[in-house]
Structure formats: C-alpha cells, structure tokens
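As structure tokens, the structure follows; a few thoughts come after it.
Throughout, read-outs are computed from the coordinates displayed, never taken from laboratory work. Here the structure is a predicted model, which means the values were calculated and not measured. Cβ placement follows ideal geometry from the backbone for every residue including glycine, while neighbour counts extend to all protein chains displayed.
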Amino acid sequence: MEEKHMQSVLISLLRQDHVQLWTEPFISDQQKIRELAQKYVSATEFSLEEVIFTLESIRADTRRKDEGNKQFKETAVASLELHLPRTAENNRRRVHLKTKLDITAQELKKQISEEYGFTHFNLILSGKKLALGRRLDEQNVKNSSKMMVLKVSSQQEKSEMLEEEEKKSRQDEGVQRTQKGFQILSERDGSEDPVSTPFLEIADQKGNPLQIPDSERKALILAMGFHEKGRALLKKRNHSAALCHLLQADEQFNKCNSALLKTVDNYAVLQLDVVWCFQALQQLDCLNDARQRLERAEECFKRCYGEQQSRLQQIKGHTGGEDVLFLRLYLLQSLLAYHDGKKNQAFNKLRNVEELLGQLCLDPEKMLQLMTLGFSEQEARLGLRACRGDVEEAERLISQRKKEKKELKEREREKRRCRLQDINTLVELGFSKRDAARALHQTRGDVDKAYMVLLDGAEAQSSDGQTKLDQLLELGFQKDMADSALRLMGEDLAQATQMLLDNQGVVPPELLSPSPPSSSSEEPSTSSDSTASAWSRLDEDLVNEVLEDIPRHEEDYLDLTLDEEKELLLQIRCSLEKQSSSPPDCS
C-alpha cells in the first residue's frame, strides 16, 4: 500500500513538471536523477533514498512497459510482472516473464516452476486465484499484468484446489438460484391469490407502485434481487460472493432505460457497494473502474436528491438518513485520492467523513428511550438519524411510517382482490386465468376492453392451434395425442413434437389430467393452465429462499452500523499521517 502510494505521488509530480525519466538527460546522467530526487524530498516528505529508488523503479518500469507493448503488438508475446516469494537461494521479489496469453494457467505454472524452481504455488491476479484449466486471456490476464506467486505446501495446494472448486461451485449455484428465484417472481402478474402468493412490485420512495413496461420490470426485479442478495452477503463480510451478485445486479440495471435509473437511488447505492467490495478485497487494480463507479454514484445522488438534497426533503420530509451514503462515498473517495497520491484531497474528504460520523453516531440513551416505547433497534436507529437525533421527532416519524405502511398494505391487498375478481369474471366466460391477467394488464384493468382483446386473441389462437394440430397429424401422430401434447406444452409445436417423439407418439399417462375439462364445468380450465399455474416444490423453495434476503424495512440499505467505515477511516488516516507529522491545511 505504501509503495503504491509513493509511486503515485512521484508520478503525479513528474507529470506536473513534464519530466520524462526515460529520456535524456536522465538516461545517461545519474546525477540528474539525484538532483530531481532532492527536489522532491521536501515536497513528499519521503527520504532521499526512498525517492531515488522509486524514481529508478518508475523509469525502469516505463521503459520495460514500452518495450513490452511493442513486442506484444509485433509477436503477441506478453510480459507479466511476477511477485515471487522470497527464498534462501533467491531474494528477487519482482521478475518479468514472457509468455503467450492463449495458454492455460496450468501451462504457465509449469513454465514458472521450471524457471524459478517453485513446486507448489498458486497464481493470484487482482486478489483472485487463476483457474488452472482456463486460458490466461479468458481470466483477464493482459500484457503487463501483475501477478502474485503464492507458495503453498503440497497438501495445502491439493486442499486449496478442492476447496476453491467447491467454493466456486457453491458461489455459481448461489447466483443461479438467486436468478431463478427472482425470475419466477418477475414473471408473476399479480393474478394469484393475494394472501398466499408472493408478488413483487416496483415502488417509489414512498412505497407507491410505479408503472413500468414489463421488459424493464423484469430486469429491475432481477437487478434489485441480486443487489439485495449481495447486500445480505456484505453484512456477513463475505465480500467475494457479494461482489459476484452485485456485478450481476449491475448487468441487469444496464438493461433498463437510462431515464428510469436517473430517478431512483438504487443504482447509485449499487455502485457504492461494488467499490466497497473492491476495497475490502484489496483489488487495487480495479481503481480506475472504482473511480468511474463513484463518479456515477455521485451524479446519480445529485439527480435523485436535488441540490442540497432539496428534492429528497420534499419527497420524504427529512434527509438525515441518507447521510450514511455520503459518508461511505466520501470515505471511498478519500481512499482513491490517497492511492492517486493526492494527499490534500484525501485529507479533505476524510474531514467530511469525520464530520458526518459525528452526526450519525447516536446517543445510546436516546436509542434506549425509543426502544422502550416498543420500536425495534433498526427503527430507532433509522428514525434518530433521519431526524438528526431529535427523539420526539423520531418517535413521530416512526409511528407515521408504520401507519402509512399498514394503510399501503391494505390498499394493495384490496387492489389485488379486485383484480382477482375481474380475472375470475373473465375465466367464467371461458378464458384462461393467465390470458385474462395479461389482457387486464394490457387494458389497465378495464374488464370490457380486456374481454374484447381476449375475443380477438381467441379467434387468432383457434386458427393457429388448428394449423399446429394439422402439422402434427401430417407427421403421423394420433389426433387425441397430438391435441393433448399441444395443450400440455402451452401450444408450443416444437416441444409438443419432441414429447411425442420421445414417447413413441403417446403422451405419458401421468401428464394427462384425470378429469378433462368440459363445457359444464363451473370453472373452465385446461391442462396447460393447471400446468402453468402449478408451483413445483423447487420453485417454492427458490422463491422462499430469495425472499429471505429482501429486508422487511424499506430503508434497510441506510441502516449501517458504521463499524467497517470506522475501521477504514483509521487505516486511511494512519497511512496519511505516516507521510506527514501533521495534516495539511485543507481550508
């Protein structure tokens, strides 16, 4: 950390003075390097020996990088910077290795083993261990990449390989389960039983549902679902698994309309969470990405909250709770400024952090006072922060929130009950439940218009269904089996054909409805309806699993204990103060 900081400071000074160490007179005249070092000693407060060594290192790295870039363009041979473990025979810490990038990590390990004598070791790039069976370029290894050679024992290597495989398998499975669970929820249209069936809607900061196109609604639910899972893992300090989920959330958010993202703070909070993972995993090679993400977060906060948080004040009536987001933003900005060698800027941001920390650290007596009234610890903390420590205001705010939440829940239940009533009306007229729900959604709840949409659709579907049935009959399948296969497969011709081919032209008896629908049924339905609406046990488990990660309180993302933030604050301050006996004047 200190070596990188020293390099950043000197590189910044060299750019400022337009000095190119890899040109004359610095190449042939060592005295010029020493004079330059003496000039920078007072500016940096590093020792003369440290400055000379770092300047020499910068010059060598730059020349080597230029030569390496030229060679890579001409021959596709990359130059990797390896950080080796020290041994009694070899005290070199940093070496450069030439290699192609279309080889596997296992082949690279063999090359390193032959050249430097290490037998059991792992290859670490940006805090992650390379997968031995995958190519280097597939794992983001590039020309000039810096890689750590981490020595391990033979048994440890075997154990770590097994553990890593199991961990990655669990992590991949976790991501897949999260995606599947939220996909199920995103595809629900609110037509199910409002009491027993979970259903998600996108709401504004007051909890009121937003009208969003279906395609974006699904992407948003997936994005926010991955985000909540990532945040749940963040709370457990499982930063590696959290980052996997957060990056998936980022991918889904990018599928949404950019105008929509400008009106909600979810996207900005996600950017902060991703960078928080970067710093926790010490992925310093991600600094450029981190810088861009923090810029996006800050811009998004300004748009959503308004200047001086004026828009937020109008919407919510208070702004204190969101201060935790700005505290984390300033803290991460301070960290990046430090690594960029901008000491004054780092101190300045740190001062903002300490100022906010003083406001956000709550009086235990006030917390106890609210909890004695029956409020939870989370409610008390969020209420006090929102009202900037005023107990009476916090009590009123929490009570008002609980009342509004109860009323909103009742309105939503009633709305879904009415919707279910309208769907049942259309079902009684002979349409499927799913088709009825879609038609009502399309006509914004107008039953008469939905009925006309369904009639038009039924005529077209009847003609289309007959065409598909004729195609199956032409293939030689029996009419009753062809008809059943189409109904079971939701009129999907390809799937119906495949089912019949797999079962010698017969629909398996267990898939056939024991009591086929008739015109005299009180509630007409089809096998495809019952198949589509029935939950498998797996789907139920997945939905329940992902719903566990959705917090009960809508402002859970603002409920930070600030323990981790205090730890990082101390680390940054300690590193800064090593470079200076007293902080610079930031006024």
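Loop only per DSSP, at most 15 neighbouring Cβ atoms within 10 Å: give me the GluC sites (Glu not before Pro) in region 15-79, ordered by residue number.
Loop-located and lightly packed - Glu45.
Assuming 1.306 mPa s and 10 °C, estimate D for region 1-73 with Stokes-Einstein, Rh taken as the Kirkwood radius over Cα pairs, in µm²/s.
125 µm²/s
Using a 7 Å offset from the Cα along the Cα-to-Cβ direction at both Gln292 and Gln442, what is the distance between the two label points in nm, to one decimal?
4.1 nm
Hey, can you rank 362-368, 135-141 by average C-beta count inside 10 Å, highest first?
135-141, 362-368
For region 316-417, what class follows from the C-alpha gyration tensor (a ≥ b ≥ c being the square roots of its eigenvalues): rounded when a/c is under 1.5, otherwise prolate if a/b is larger than b/c, else oblate?
oblate
Using the Kirkwood radius built from alpha carbon pairs, what does the Stokes-Einstein equation give as D for region 214-254 at 25 °C and 0.890 mPa s, in µm² per second?
248 µm²/s
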